[in-house]
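Notes follow the structure.
None of the figures in this text is laboratory data; all of them are computed from the coordinates on show. None of these values were measured; they are calculated from a predicted model. Neighbour counts run over all protein chains shown; Cβ positions are idealised from the backbone, glycine included.
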Ligand SMILES: *Cc1c(COP(=O)(O)O)cnc(C)c1O
């Protein structure tokens, strides 16, 4: 069946079609001038010295942990309530993710106190995620990273355009990583960006992104170089010109679309009063969110699976952000964290439901979602069998 209200939706129109067409007509598809223009615009937008287009946020996170020097025996503190790529990228480097709990039911971001508790002599980096686009407690986290002299990596996949005290997320850490996957606030299908203010780290990123090579195809095409050396074990993590062309247009729409998301979230929060027992985190957050997700917590005793199934019957897609990483088979096999090790993360992992949120959502869609959810919950708590 077709979904009437998907979880997320892209905002694409004639502008993107024109931009991609121009790339096709130019005859240059791999990383080149359009990617350079996108990187410049992105660096300016986030307020950093360097931005490098990459094939995904996962690639950006891998590069970030590589340049943080993570190898076997190094520990990286990270949340478990995130997409698995956040910590897979630590494992790619041979490092060990050490999970820190989230703040609680009102704040799904990593807790600064929990980070402090997990620091050891082997801690080499802290990797944070701005959950749903809500900035983490950056004052406290930056202080810990400075005091302990460890690298700070921001997984800003949800937080394009998010701000904390007037400064953009992704610009706080030594390195910031962004995703342009199809369901993110800025979508190019696949793609990402890695940003830094540090010239030395920027040099390493540039080399590692493209096989460790000293020059690129585009340089040689322009006659800027005839050969190359290989300086390090690099990867092919380049962005392509079609994605970059989409990215430039999408970046231009970002402010307006993030404002639309904020408006929908305000309306969601107002209408939550109609859903007894349902809460939403970040209600008292000081603001600056990119509003990537709208998460709620279902009351105790309600079957989330049956709510999701019954929402789907009405064409409403919902999701879970996230099944905690430490519960996945692979991570259990590797680390075997006991049940209850991260109580807040586990509670949220068990009760969270993500409702649809995208810039093109209409008030009528929101009515349908809230009414249906109220109906599901009424029947769930009444214990009756659904019609
Ligand atoms: C989407 C996402 C990623 C991965 O992004 P890709 O561009 O798909 O590799 C990483 N971290 C978080 C928190 C995400 O939501």
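On C-alpha positions alone, give me the angle between the axis of helix 57-67 and the longest principal axis of the chain, in degrees, nearest 10.
Here the helix axis deviates by roughly 60 degrees.
For the chain, take every pair of Cα atoms, bin their distances at 10 Å starting from 0, and report each bin as a whole percent.
Per 10 Å bin, starting at zero, the Cα-Cα P(r) for the chain comes out as 5, 23, 31, 25, 13, 3, 1, 0 percent.
Find how many whole Å separate the alpha carbon centroid of the range 186-247 from the alpha carbon centroid of the range 124-152.
Taking the Cα centre of the range 186-247 as reference, the centre of the range 124-152 is 27 Å away.
Neighbour counts of other C-beta atoms within 10 Å: give me 103, 169 arranged from fewest to most.
On the way: 103 18, 169 29.
In order of increasing Cβ crowding within 10 Å: 103, 169.
How would you rank 36, 16, going from fewest to most other Cβ atoms within 10 Å of each one's own Cβ? Show your work: numbers first, answer last.
On the way: 36 14, 16 20.
Going from least to most buried by this count: 36, 16.
Listed highest first by mean packing, meaning other Cβ atoms within 10 Å per residue, what order do 239-245, 249-255, 93-99 come in? Walk me through the numbers before you get to the answer.
On the way: 239-245: 23.9, 249-255: 17.6, 93-99: 20.7.
Averaged packing, sorted descending, gives the order 239-245, 93-99, 249-255.
Using a 10 Å cut-off around each Cβ, can you sort 3, 293 from fewest to most neighbouring Cβ atoms? It would help to have the intermediate numbers written out before the result.
Working: 3 13, 293 24.
Taking fewest neighbouring Cβ atoms as first place, the list is 3, 293.
Most fluctuating residue of 174, 107, 139 in a GNM of the chain with Cα springs under 10 Å: which is it?
Highest fluctuation among the options: 139.
Extension gain residue 262-residue 215, at 0.36 nm per residue separation less the Cα-Cα distance, in nm? Spell out each step's value before the answer.
On the way: separation 47, 0.36 × 47 = 16.92 nm, distance 4.28 nm.
Full-extension gain reported as 12.6 nm.
Report the relative contact order of the range 255-382, percent, no decimals, based on alpha-carbon pairs under 8 angstrom and at least 6 residues apart. Numbers along the way, then the final one.
On the way: 131 pairs, mean separation 45.9, N = 128.
Averaging sequence separation for qualifying contacts and normalising by length gives 36 percent for the range 255-382.
How many angstrom lie between the Cα centre of the range 317-387 and the Cα centre of the range 1-41?
32 Å
Say each of residue 341 and residue 279 gets a label point 7 Å from the Cα, pointing the same way as Cα to Cβ; how far apart are those two points in nm?
Using points 7 Å along Cα→Cβ, the separation is 2.6 nm.
Starting from the Cα of residue 22, step 7 Å toward the Cβ, then list every residue of the range 185-218 with an amide N under 19 Å from that point.
Within reach of a label on residue 22: 187-189.
Put a dot 7 Å past each Cα toward the Cβ at residue 271 and residue 306; how far apart are the dots in nm?
2.4 nm
Per DSSP H run of at least 4 residues, take -39500 (n - 2.57); add these up for the chain, divide by its residues and hand me the 222 nm value, nearest 500 deg cm²/dmol. Mind dumping the intermediate values first?
Numbers: 13 runs with 157 residues, N = 387.
Computed ellipticity for the chain at 222 nm equals -12500 deg cm²/dmol.
Mind checking the full-extension length gain between residue 165 and residue 374? Use 0.36 nm per residue of separation minus the Cα-Cα distance, one decimal, nm. Kindly include the intermediate steps, with their values, before the conclusion.
On the way: separation 209, 0.36 × 209 = 75.24 nm, distance 3.64 nm.
Taking 0.36 nm per residue and subtracting the Cα distance, the gain is 71.6 nm.
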